[in-house]
Structures are given as structure tokens and as C-alpha cells.
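Just below is one structure, and these are the notes that go with it.
FYI, it's all coordinate maths here, none of it is from the lab. Just so you know, these numbers come straight off a predicted model, no measurement behind them. Cβ: placed from backbone, ideal geometry, glycine included. Neighbour counts: every protein chain shown.
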């Protein structure tokens, strides 16, 4: 189990870092730039940041599946509850961003 989790975090971090690095290189190499070039660089860096943020959530989801596979239902319920809390927070954030304040 530890090897799987370590691999997820290690290779996920590397993958996200590559996205951010490519975006940074494009941003720095934009000599006399265009808006489309800047937008692409910003989007690539944004993808990398989203991937870095998603890694802990993916870890909890993977742990949940491992506990179910191992039939360790107490820890599966705990990790499932954590996933539910994360999902609730995400949905609350998305819904709150659509509410306009007067």
C-alpha cells in the first residue's frame, strides 16, 4: 500500500511540476508576445496547480479503495467520510462563487 501511495504522490508531483515548468518557459520565451501565447502559458501553469491541489484528494480516494479492497471497513468509512467532506467543501465553494452579493 505504501508503494502505491508513494508512487501516486511522487509521479503526480512530477507530472504537475512539468505542466507548471512548461507554462513558465512559454511565459518567459514570449519575446514581443501575443495574448494567445500568454493565455496558453497561464492555462498550462493553472493545470499544474490544479493537479498539485488534486493530489491529496486522489490520495484519500486511493486509500478509500485500498481499504475497501482489503475489507477494512472501519478505515474505509473514515476515508469515505473525508472524501464526502472534501466534496461538500468543493460544492459549497462552487455554489458560493455563483451567488452574487448585493
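Hey, of (1) 1.04; (2) 1.44; (3) 0.98, which did the structure itself give for Cα Rg over 2.2 N^0.38 Å when calculated? The value computed from this structure is option (2). For the pair residue 82 and residue 8, the difference between a 0.36 nm per residue extended length and the Cα-Cα distance amounts to 24.8 nm. What the Cβ-Cβ distance of residue 39 and residue 95 gives, at R0 = 22 Å and to the nearest 0.05, is a FRET efficiency of 0.20.
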